[in-house]
Structure formats: structure tokens, C-alpha cells
Amino acid sequence: MNGASASAGVGTGAGAAGEAPLVYKAWKGNNVFLLKGRFIFGPDARSLFVTMFLIIAPASIFCAFVAKGLMDRFSYALGLPVMIAAVLFTAYDLSLLLLTSGRDPGIIPRNAHPPEPEGFDGNAEVGANQTPPVRLPRVKDVVVNGITVKTKYCDTCMLYRPPRCSHCSICNNCVERFDHHCPWVGQCIGLRNYRFFYMFVFSTTLLCLYVFGFCWVLIVKIRNAEQITIWKAMAKTPASIALVIYTFIAVWFVGGLSVFHLYLMSTNQTTYENFRYRYDQRANPYNKGIIENIKEIFFTTIPPSKNNFCGRVQQEHGLRPRPTNGFMSPNMGRAVGDIEMGRKPVAWDEPRMAAEIGDLGAGLSNLLEDKDGRFRSASPDLSRDALAVGGGLEEQGSSAMNPGRSSWGVEAGR
């Protein structure tokens, strides 16, 4: 597997011939890739092996002891179909697990630059010769089925998230129709893999019931054949008892999850929306009725991925005009932290930075000394040059700033 979280930026990793790097090598999320980007997993993909073991181990015990016991003790014609069905059912369940965890859940590609600002912030203090700062609105209103829905700006991906999209703090990606991040499959559950996720959970529930039922079939057949009590029959097949206990516990988890997601599908909600917005207290703009909601999940075409992980990064041609002094993030001017990313708040105050730069220019003027050893004030032109240098440092410092420091002046003082 190839971890992309430690990979370099878009412009790094190019080949000797100047080729752009492959997308999966330059990926800025925390995903893990397999087979040169053909499979994409979350950073906790190792938990996938635990899930596979929890499925394969009891299925193997069932085939080796329960199904074989039916063949040996009673009827070969009964035990063989039971074993074949268990093997096929397990393979089907594992294939759904791979389809859920190894595909793009609906990741929205990041922007290389923030979107173009749409207005000016009249509250910010600006000088006579400065461009008024432009602040991106934190939220935008979008109308969905006649109901206004707010879409948020993502500072990490530098885009306005579409409706039902959220930023996963584990994978570090914005995911369309984000449901939740499932540690058991090691992947986000979103627009492109929710169908397979539910099919996996539901098929696991059926597999548990299948194993549970035929374990009892073997126990009852032993009791009837030997004319003994049910407790003595259970003692003759300890593997069946172990599987009965295991599947009974497991079915409460996967069965309960199946019922819960069936409710979510019937009302066209996601897990994230159900816990955060509580549509039972207000109108759900996505609810189309039970039949249409179920059809939307299982009988619509899954949209293609918006990311070509096996391709090369698209290089920008020419310079794109970007706001420098005039651009302000939606979070600028307050202690901010991406709540969904779990970061610590960082003070981002552009007016305070400008004041510190002004103090730096004043300090340079006071340090100038003439030949007689007396201090004198710097000329207006020199003072303006010092401020211009400070402004250039500010522009460069925005990309090289140490995230652990909240004051630009500390960095400039090195």
C-alpha cells in the first residue's frame, strides 16, 4: 500500500522528464492506495483485516464442524448444499466489503486556489492606498426542492461544499452525501459506496442468521437421533454452541444497524444529518417518499468518480490572478479552527499583522544613525521601502508560516 498523506504537493514528485506526478502520489488526503491508485482506502484500512477475520473465522468453523457434521452424522445430500451455500454467502459478503472500502466514496477534488470573492468587507480598516479586504461568506444559501439549505465553505479544500457534503476529519476529504466514516470497513461512507455498505451490513446479518439456524438444526438432529436431552446434545457439538453465542451477539449489532439504515433510507437521511439536524423537527428537503427514496439508493446509476487517481495531475497553464492584500478567509479576524478537522484554533488577524509590520518599519527608521553617532529619522522614501519589504514578507509568510505559531511577528523576527 502507498500512503499519500506524506506525499509532496502538486508540483513535487515529477519525473526526470518533467512529467506531472500521478494523482495518487500527490494526493493531499490521508488515504491509502493499492495497485497504483486503482483501490483507495481510508487511513485506518488495517481494520479491514479485523473485519475480514470476524467473518472468515466463524464461517470456516461452521463449514468444518457444523456442515461437515451434518454430512457425516446424517445426510450427505443435506450437509453438502449447506456448506456450499455458506462458502458462496461468505464470498459474496467479502466482495461487498471490498466494494465498500476500496472505492472512491464520492470525494470532491480540492481547489488549488480559493474561489473568487464576491463582495467587500466594509468593517475592515484599510489605508488610503490599500485595496479594501474581500471576505468570502462563510455560508451560502441553496434552494433544494423549495427549501433553503445552507452550504458551508471548507478552508481545507477551498470550496463551497455541495448540499449533503461534509469534510471527513479522518480521511481529510470533502465527501458527497457524507453518511459517516466507518472504522470497520476503513473508509468513508458516501454517495458512491453507500449502496454497497448497506448490502454488506444486511448480508452479514443474513449470514449470521444462516449460521445460527443450521447450528440449531445440527443440535436438534443429534437430540432426536440419540434420544437425549437438548443439553446433552449441545455438549456433543461445542462448535455449534460457540457459533450460536457468537452469531447471537453479532446479529444485534449488524441487525440493528440494518434496521437503522433502512429507516434512514426510507426517510432519505444520512447518519450525519440524523444526528446533527434532526429532520423530525423540521422539513427534510430530500425526502421524496419511501418508494422514491429506496429507488434513489438502489436503482439509480452511481455517478463516476470525480478523481482519476491513476492519471497525472493537471498542471495550470499561465498565472491565475489571485487576490493578495484584498483576500480574507471566512474565518479571518477571529480565532478559528476547522471543527470537523479537529484542529486547534489559530489566531488569524490581518489588521494586527499590518500593525506589527508598521512597527517593524518604524523600528528600522529609529535604528539609522549618522556619522556623528546621533540618531536621526529615516527619510519618507526609506520608510515606505521598509513597509514595502514588510508587505512582501507578509505575502511570502502566508504560505511558509509555522502552523504552531499564531503571530507573524515571531516568524519575521528570526
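Summary table
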quantity	calculated
For residue 310, net neighbour charge (Lys/Arg +1, Asp/Glu -1) across residues whose Cβ lies under 12 Å away	+3
Full-extension gain in nm, residue 263 to residue 34, via 0.36 nm per residue minus C-alpha separation	79.0 nm
Contour excess over end-to-end distance, with Cα ends at residue 226 and residue 209 and 0.36 nm allotted per residue	3.5 nm
Estimated FRET transfer efficiency (residue 241, residue 52; beta-carbon r; R0 22 Å; 0.05)	0.35
Residue 147 paired with residue 287, simple spin-label distance in nm, labels 7 Å along Cα-to-beta-carbon	0.7 nm
Gain on full stretching of the segment that runs from residue 87 to residue 301 - 0.36 nm per residue minus C-alpha separation	74.1 nm
Estimated distance in nm for a label pair at residue 61 and residue 140, the labels positioned 7 Å out from Cα along Cα-to-Cβ	5.4 nm
Inter-site label distance for residue 74 and residue 275 at 7 Å from Cα along Cβ, in nm	4.3 nm
Å² of accessible area per residue within region 141-209, as computed with a 1.4 Å probe and no ligands counted	34 Å²
Residue 254 accessible area, 1.4 Å probe, all protein chains in place, Å² to nearest 10	30 Å²
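The values are calculated or read from the model by the stated rules, or taken from the named source; none is laboratory data. The shown structure was predicted, so the numbers you read here are calculated from the model rather than taken from an experiment. Using ideal geometry, Cβ is built from the backbone for each residue, glycine included, and neighbour counts are taken over all protein chains shown. Just so you know, the surface numbers come from the protein's heavy atoms only, side chains and all, with ligands and any DNA or RNA stripped out. Shrake-Rupley method; radii C 1.70, N 1.55, O 1.52, S 1.80 Å.
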